[in-house]
Amino acid sequence: MKQEQSVTKSRRDIAIRPGSGIQKNNFAYAKLPQPLRTDEKKHIDLMLLKLIAKTYQPFSIVEETDFVEFVEALNPNYVLPERKVISEKLIPFLYNRCLEDLKTTLYQEASTVCLTIDCWTSIKIDSFISITAHFINNDFEFKSFVLKCTQINGAHTCQNLASILREACVEWGITEKINFCVTDNASNIVGAINILGWTHYGCMAHKLNQILHHSLKEFDVTLKKVKEIVTYFSSSCKAKEKLLEYQAKVQGSSQPLVLINSVPTRWNSIYFMIERFVNLQDSIRATTPNVDVDLPILLIEEWTALRQLCKVLKPFEEATKELSVEKYVSASKAIAVINGLKDVLLEVLS
């Protein structure tokens with residue numbers, strides 16, 4: 001018995017001796033979990049809410065077995081809130097706190113405010129309006145806050161839109177701070193701004209979008225062919241596989257590309273579609289005859305026209321990107337961008 005006690009004591013001495021190279025017994029030396037203080041619980045709850053909000057997680061994440069086990073491994077004393085508690089209590093609390101913080105910032109730091117307003121329709125034909133406030137504080141920091149993003153109920157008349165804008169500005173306490181507004185050139189939103197007596201400026205990027213949509217009508221016949229081919233390759237797994245296989249096996253591409261489809265509201269998506277289409281010309285011409293449907297065939301002249309069109313559209317895409325930044329007041333670039341586009345077009349034409 002004495003010998004066993006001596007051996008046990010010797011092993012314990014070795015285990016705690018610094019630099020002995022023998023790992024400590026985790027169960028013998030682990031600290032017992034301590035109950036969470038109220039402030040610790042609130043802090044972890046806040047981090048959970050930020051995770052849900054900023055990474056677009058569903059509230060049901062707190063019921064997922066793997067996530068529960070992960071949290072328990074990090075801190076076995078932390079009990080995840082129920083989904084109903086998150087949706088009905090914690091999220092509204094965090095929303096109201098953020099709302100008051102932003103209102104305070106606008107009140108204290110913004111002497112004047114510029115509004116950008118956008119209206120759009122979803123795939124389900126629901127209409128929305130977003131209102132964003134922009135200002136520069138005394139430290140010359142440019143800040144932007146989304147004041148409202150809501151569904152538009154009823155007719156989209158000037159009066160209804162003006163009412164939505166007025167209510168948002170009253171809610172945020174900035175009615176007397178509006179310097180000017182930037183919107184697209186739709187008559188109803190321009191009319192709403194006029195009703196409120198605010199200064200209005202049209203969005204230059206939107207004007208470029210209108211100009212280019214109008215100009216691209218000259219290429220309707222060719223672009224319809226391109227659109228039909230791209231749509232087919234985007235919807236047929238078999239056709240897409242053949243396109244990728246040709247690039248990989250015949251052309252030796254380590255990163256084969258798929259075709260890009262355009263969307264009606266963004267002219268630059270047409271540019272991206274044409275650019276990728278031209279880059280994959282050989283692959284498309286080799287693959288198209290081997291698919292299950294009869295797709296349109298582009299003439300040599302049409303391929304040439306598409307390449308030339310890419311050269312013309314590229315500077316417009318760069319200009320649109322330059323004018324669409326959020327962290328810079330892009331109005332100062334307008335004249336320079338217009339003059340630059342004129343120079344580029346003259347060079348292309350010559």
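Laid out as a table, the results:
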read-out: Most mobile of Leu80, Leu244, Leu309 in a GNM of the chain (Cα contacts under 10 Å); value: Leu80
read-out: Distance between the stretch 240-270 and the stretch 31-98 - C-alpha centres, whole angstrom; value: 43
read-out: Loop GluC sites (Glu not before Pro), the stretch 120-223, which have at most 14 other Cβ atoms in a 10 Å radius of their Cβ (DSSP); value: Glu141
read-out: Extension gain (nm, one decimal) between Val146 and Lys54, 0.36 nm per residue minus Cα-Cα; value: 31.6 nm
read-out: Cα gyration tensor shape for the stretch 35-98, rounded if a/c is under 1.5, else prolate or oblate; value: oblate
read-out: Amide H contacts under 5 Å for Asn137, placed H, 5+ residues apart; value: Lys143
read-out: Calculated FRET efficiency for the pair Thr105/Ala73, C-beta based, R₀ 25 Å, to 0.05; value: 0.05
read-out: Charge dipole (the stretch 210-349, unit charges on Cβ, about Cα centre) - positive-most of Val250, Leu323, Ala305; value: Leu323
read-out: Neighbour-count order for Arg97, Arg276, Arg166, fewest beta carbons within 10 angstrom listed first; value: Arg97, Arg166, Arg276
read-out: Theoretical ellipticity at 222 nm over the chain - DSSP helices of four or more residues, -39500 (n - 2.57) apiece, nearest 500; value: -17000 deg cm²/dmol
read-out: For the stretch 191-205, 3J(HN,Hα) per residue [Karplus equation, 6.51 cos²θ - 1.76 cosθ + 1.60, θ = phi - 60°, Hz, x = Gly/Pro]; value: x, 5, 5, 5, 4, 7, x, 8, 6, 10, 10, x, 6, 5, 4
read-out: Set of aspartates and glutamates near Lys224 by C-alpha distance (under 19 Å), chain-local residues within fewer than 8 positions excluded; value: Glu275, Asp294, Glu301, Glu302
read-out: At 1.002 mPa s and 20 °C, Stokes diffusion of the stretch 48-180 via Kirkwood alpha-carbon radius, µm² per second; value: 121
read-out: Over 21 Å between alpha carbons, listed pairs Lys217/Lys333; Lys143/Lys177; Lys41/Lys89; value: Lys217/Lys333
read-out: Nearest-0.05 FRET efficiency for Ile338 and Asp139, computed from C-beta distance (R0 35 Å); value: 0.65
read-out: The chain - charge dipole about Cα centre, Lys and Arg +1 at Cβ, Asp and Glu -1, debye rounded to 20; value: 1040
read-out: Selection from Gln57, Asn96, Ile86 lying farthest towards where the dipole of the stretch 35-98 points positive, charges on Cβ; value: Asn96
read-out: Neighbour-count ranking [beta-carbon atoms within 10 angstrom, fewest first] of Thr65, Thr150; value: Thr65, Thr150
read-out: Calculated P(r) over Cα pairs in 20 Å bins from 0, in percent (choose from [x] 22, 48, 24, 6, 0; [y] 32, 59, 9; [z] 19, 36, 31, 11, 3, 0), label; value: [z]
read-out: Cβ-Cβ FRET estimate between Lys89 and Trp198, R0 fixed at 35 Å, reported to 0.05; value: 0.35
read-out: Environment charge at Val312 (Cβ cut-off 14 Å; Lys +1, Arg +1, Asp -1, Glu -1); value: -2
read-out: Residue-by-residue Karplus 3J(HN,Hα) for the stretch 134-142, coefficients 6.51, -1.76, 1.60, Hz, glycine and proline x; value: 10, 7, 10, 7, 5, 8, 6, 9, 8
read-out: In the stretch 25-120, chymotrypsin sites (Phe, Trp or Tyr not before Pro) in a DSSP loop with at most 12 other beta-carbon atoms within 10 Å; value: Tyr56
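A short reminder: the numbers here are calculations on the coordinates, not readings from a lab. Note that the coordinates shown come from a computational prediction; the quantities given were computed from them, not determined experimentally. Note that each Cβ is placed from the backbone with ideal geometry, even for glycine, and that neighbours are counted across all protein chains shown.
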